[in-house]
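The values are calculated or read from the model by the stated rules, or taken from the named source; none is laboratory data. Just so we're clear, the structure is a prediction, and the values are computed from it rather than from any experiment. Ideal geometry is used to build each Cβ from the backbone, glycine not excepted, and the neighbour counts take in all protein chains shown. We work out accessible area using only protein heavy atoms, side chains counted, and drop any ligands, DNA or RNA first. Shrake-Rupley method; radii C 1.70, N 1.55, O 1.52, S 1.80 Å.
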Amino acid sequence: MSNPVPEHSAPHIRDVFARMSMNNSETVALIGGGHAFGKAHGACPTGAGPDPKESPEAPGWPGTCGSGPEKGKGKNTFTAGFELQWTTRPTEWTNEYFHSLLNYNFKLVKSPGDAPQFAPVHKPGGPAAPPSEVGMLTTDVALIRDPAYLELVKLYAKDISQLENDFGAAWYKLVTRDMGPATRCINADAPPPQPFQFTLPDPPKVLADFSKVAKAVRKILRSKPGTLLQASASSSSTLRSRSRELLSSSDREGEEAVSTSVVAEWIAPDTDHAGNSYYSALLVQLAWQCASTFRSTDYQGGCNGARIKLSPQKDWEVNKGMNELLMVLTGIKSQFDWGPGGALSWADLIVIAGTVALEDAAGTSAPHFEFCGGRVDARHGDGGPEYLAPRDIPNAVLAAREEMLLLGLTPRQAVALQARLRSPSRQALLGYSGSWNPASPDQLSNSYFKVLLNTHWEPHTSAAESTMMPALLSFKSTSSSKMKMHLLWRSLHEHFG
C-alpha cells in the first residue's frame, strides 16, 4: 500500500490470498465483507508515538494527539495512518462497499497522517455527490482494475445474498483452517466437513493384524528384485497393471514375466558391503517422505491418507522413485487388503514398513519401536493441500529449522531423526553420490554424526566417498544442533526408543 498503484497491487493481493488457499471469489468476498464494517485510523498528523522497543515502559504506540483520557483514542487514534471509512454506514452489514467501487472514480490523496489513499470523485452517470467520509485503500481500488476481480465486484454489488453466502463460507475457512481436519471441531453445531479440510474416509472397524504385517515386511527387507517382483505379481493384478504402464509397447508381449533389469530400473535396492540387496533404507525414506509433510501449524499433511501415492505429491522432485518403490510392498498389501483379518491401508503399511526396517537395522539389542495404527487412504483425486509442497529456501540452516518447527519437533528430536537410514541408490536417482554412512549404510547407528563432525565438507559436483545434501550440512553449521549431536553419540538408540 506504500506504492499506490492499484494495477500493481492486484497481483500481490492474489499472491497473499493464494498462500491462504483462497481463490478469487473468496478473496473479494473477504475484502469487501470485512470492509463493510469499521474504519481506518490516521487523523493524527504526528503519528502513533514510540513503539515498544523505543519505550518499553509505556504502552506501545500510545498516540501523540489529544490529551488526558482521550490521548491516542477515539478520534485521536492512529494505526496505519489511513483515515477513512469504506461505507456511509460502517456499523451495518451491507454491500455498499461494492456499489461505491462501481459508482465512483477515485483520485489519489494524502491522509492527515501522510498516507496515500483514494477519495471518491464523480463518475459520469453515477451519483452526483460522493460521500466525503468514504475512501478506499490501494488494495480496494485494485479490485476494479483487475478483470477477474471486477466481475466479482459487480456480482456482489448486484446480489447481497451471494455475498453473504460466499463471505460466510470464506470466513469459516479463514478462521478454521488452522484447526486441520474436521474431526478436530468437536462442538455439536459444527458444520459438515468442508473441502478445505481434506477430510479422509472413516477407518475400517477391523484392522489387519499389524504383527503379521510386520513379519511379512521383515521377509522382504533383503529380497532380490526379481524374486520380490515375482512374488508380488503372483498375488496382485495391480502390480501387473503397473508393470504394463511402465514397460514400453515393444516389451508388453512378455509383460507377465517382467525382467529383473527393468525392475532394477524402477526399484533398484541398495547393496551392503557383501553385495547383498536390502530395501531397508528405501522403505525408511518412503515412510519419512510420507510423514514429513505434516504441519503442526494446521494439522495438515502427514502420512495419514497416503497422499504420497497421489498427485501432486507423487510428482514432487523430492519424492522421485517413491511411487515406484511402493511396488515392493504391493504383495503385502494384497495379502492383507480386506482379508479375513481386517483391512490394511497403504498409509499404515508405509509406516509399518519404515518402522520395521529401522528395527531390523538397529539390531536385536535395540528397543522396540512403537507403532500407532488406524490410518486410512485418501480418496482418488484427493491429493491434499498444494501448499504442502516443499519450499525452496536458499539458506539451508533456515530450511532445516523451518522443517523442525513445522513438524513440531524439538532440536534434539530433529537432530536424532537425521540418523535414520539413508539410501545411496535413491541418492543416485536424485543426482547425488556417496553415502551418509559409508562404514555401515544398512545399520542404524551414530556413525552419521561421527562422519558429519569428523569430516571437512565442501560443496562439489563430482562423486565422492561420502557426500551430503546442503540441508543436512546445516546441522553442522548451527552451534545448538552441533552440541546436541555430541550428546546423541552415546544415546541414539535410547532417544529413538
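Please go through the range 6-38 and pick out each residue that is over 32 Å from the mean Cα position of the chain (by Cα) and surrounded by fewer than 18 Cβ atoms within 10 Å (Cβ to Cβ).
37, 38
For the range 301-309, check the following and say yes or no: at least one residue is surrounded by fewer than 22 Cβ atoms within 10 Å (Cβ to Cβ) and either over 30 Å from residue 174 (Cα atoms) or touching a Gly at 6+ places or on another chain (Cβ under 7 Å) (or both).
no
Can you pull out the residues in the range 28-71 that are part of a helix (DSSP H, G or I) and hydrophobic (A, V, I, L, M, F, W, C)? Please lay out each step first, then the result.
Here is the first cut: in the range 28-71, the residues part of a helix (DSSP H, G or I) are 28-34, 68-70.
Listed by number, the residues that qualify are 28, 29, 30, 31.
Checking residue 456 against (1) open to solvent by less than 30 Å² (accessible area, probe 1.4 Å); (2) at pLDDT 75 or above; (3) more than 25 Å from residue 321 (Cα to Cα), which single condition isn't satisfied?
Against the list (1) open to solvent by less than 30 Å² (accessible area, probe 1.4 Å); (2) at pLDDT 75 or above; (3) more than 25 Å from residue 321 (Cα to Cα), residue 456 comes up short only on (1).
In the range 372-416, what count of residues is obtained for those that are of a type in the set (Asp, Glu), part of a helix (DSSP H, G or I) and touching a helix residue (DSSP H, G or I) at 6+ places or on another chain (Cβ under 6 Å)? Before the answer, list the steps.
Step one: of the range 372-416, the residues of a type in the set (Asp, Glu) are 377, 382, 386, 392, 402-403.
Now restrict to residues that are part of a helix (DSSP H, G or I): 386, 402-403.
Keeping just the survivors that are touching a helix residue (DSSP H, G or I) at 6+ places or on another chain (Cβ under 6 Å) gives none.
Here the count works out to 0.
Consider the range 390-421. How many of its residues are open to solvent by less than 40 Å² (accessible area, probe 1.4 Å) and closer than 18 Å to residue 357 by Cα? Lay out the reasoning, then the answer.
Going residue by residue through the range 390-421, those that are open to solvent by less than 40 Å² (accessible area, probe 1.4 Å) are 396-397, 399-400, 404, 407, 414-416, 418-421.
Going one step further and asking which of them are closer than 18 Å to residue 357 by Cα, we end up with 416, 418-421.
So the count comes out to 5.
If I filter the range 60-81 for residues that are open to solvent by less than 40 Å² (accessible area, probe 1.4 Å) and aliphatic (A, V, I, L, M), do I get at least one hit?
No, the range 60-81 has no match at all.
Do we have residue 98 as open to solvent by less than 20 Å² (accessible area, probe 1.4 Å) and of a type in the set (Phe, Trp, Tyr) here?
Numbers: open to solvent by less than 20 Å² (accessible area, probe 1.4 Å): yes; of a type in the set (Phe, Trp, Tyr): yes.
Taking the combined requirement at face value, the residue satisfies it.
If we scan the range 143-163, do we find a residue that is farther than 27 Å from residue 33 by Cβ, out of contact with any Leu (no Cβ under 9 Å at 6 or more places or on another chain) and open to solvent by 80 Å² or more (accessible area, probe 1.4 Å)?
So far as the range 143-163 goes, no, none of its residues is farther than 27 Å from residue 33 by Cβ, out of contact with any Leu (no Cβ under 9 Å at 6 or more places or on another chain) and open to solvent by 80 Å² or more (accessible area, probe 1.4 Å).
How many residues are open to solvent by less than 40 Å² (accessible area, probe 1.4 Å) and either under 40 Å from the mean Cα position of the chain (by Cα) or not assigned by the TED database to the domain that holds residue 30 (or both) when one looks only at the range 101-110?
Residues in the range 101-110 being open to solvent by less than 40 Å² (accessible area, probe 1.4 Å) and either under 40 Å from the mean Cα position of the chain (by Cα) or not assigned by the TED database to the domain that holds residue 30 (or both): 2 in total.
Taking the condition of being of a type in the set (D, E, K, R), more than 17 Å from residue 301 (Cα to Cα) and in contact (Cβ under 8 Å) with a residue 60 or more places away in the chain, how many residues in the range 174-201 meet it?
0
Taking the stated definitions as given, is residue 170 in a helix (DSSP H, G or I), surrounded by 15 or more Cβ atoms within 10 Å (Cβ to Cβ), in contact with a His (Cβ under 8 Å, 6 or more places away or on another chain) and in the same structural domain as residue 22 (by the TED database)?
no
Return only the number of the condition from (1) part of a loop (DSSP other than H, G, I, E, B); (2) under 19 Å from residue 303 (Cβ atoms); (3) over 22 Å from the mean Cα position of the chain (by Cα) that residue 419 does not satisfy.
(2)
Quick check: is even one residue across the range 438-451 at pLDDT 85 or above, within 29 Å of residue 314 (Cα to Cα) and of a type in the set (Gly, Ala, Ser)?
No, the range 438-451 has no match at all.
State all residues of the range 422-436 that are open to solvent by less than 20 Å² (accessible area, probe 1.4 Å), part of a loop (DSSP other than H, G, I, E, B) and of a type in the set (S, T, N, Q); if no residue qualifies, say none.
Within the range 422-436, 423, 435 meet the criteria.
Which of the residues spanning the range 362-401 are of a type in the set (Val, Ile, Thr) and at pLDDT 90 or above?
Hit for the range 362-401 is 376, nothing else.
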